[in-house]
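K.L.:
Here it is, the structure in full.
The values are calculated or read from the model by the stated rules, or taken from the named source; none is laboratory data. For clarity, every value in this text was computed on a predicted model and none was experimentally measured. Glycine gets a Cβ as well: all are built from the backbone with ideal geometry, and neighbour counts include every protein chain shown.
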Amino acid sequence: MPAPWQAFSNEEDEIYYCNTVSGEIIYDHPLDDHFRKKYMDAKNAKLGIKQPTFMNKSEDPLIRAETEKKVREQRALLEQEYQQSLQEIERNFELKK
C-alpha cells in the first residue's frame with residue numbers, strides 16, 4: 001500500500017482506502033489508475049496504437065474545454081442573479097425611505 005494510504009473494511013466487508021494525511025476515503029485502490037494506464041500503454045504498444053498520454057478525464061483537452069465552458073456559463077448566470085438581487089435590494093431600500 002503506498003504511503004499515506006491504509007486499507008480498511010466496513011461492516012459489509014467492503015474494502016476502502018483512507019489517506020491518513022488528507023482524510024480522503026476512496027473505494028478504488030489508490031494505484032488503480034496507475035496500473036490501468038500501464039496496462040493500456042502496454043496493450044496499445046502491442047497493437048501499435050499511439051494514444052494520448054493522459055488517462056484522467058480532467059487531463060483530456062476536450063473534456064477540460066467543455067468543463068471550462070460550463071463554468072463560465074454558470075459564473076455568468078450567477079453574476080446576473082447577483083446583480084438582479086442587488087437591484088432588488090436597492091429598490092426595496094428606496095421604497096422604505
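K.L.:
I need every pair where a residue in segment 1-27 that is in contact (Cβ under 8 Å) with a residue 24 or more places away in the chain has its Cβ under 8 Å from the Cβ of a residue that is in a loop (DSSP other than H, G, I, E, B), sequence separation at least 6 or different chains.
P.N.:
The qualifying pairs are 1/30; 2/30; 2/31; 5/20; 5/30.
K.L.:
While we're here: Kindly check whether there is at least one residue in segment 59-67 that is at pLDDT 75 or above and either at positive phi or not aromatic (Phe, Trp, Tyr) (or both).
P.N.:
Checked segment 59-67: at least one residue is at pLDDT 75 or above and either at positive phi or not aromatic (Phe, Trp, Tyr) (or both).
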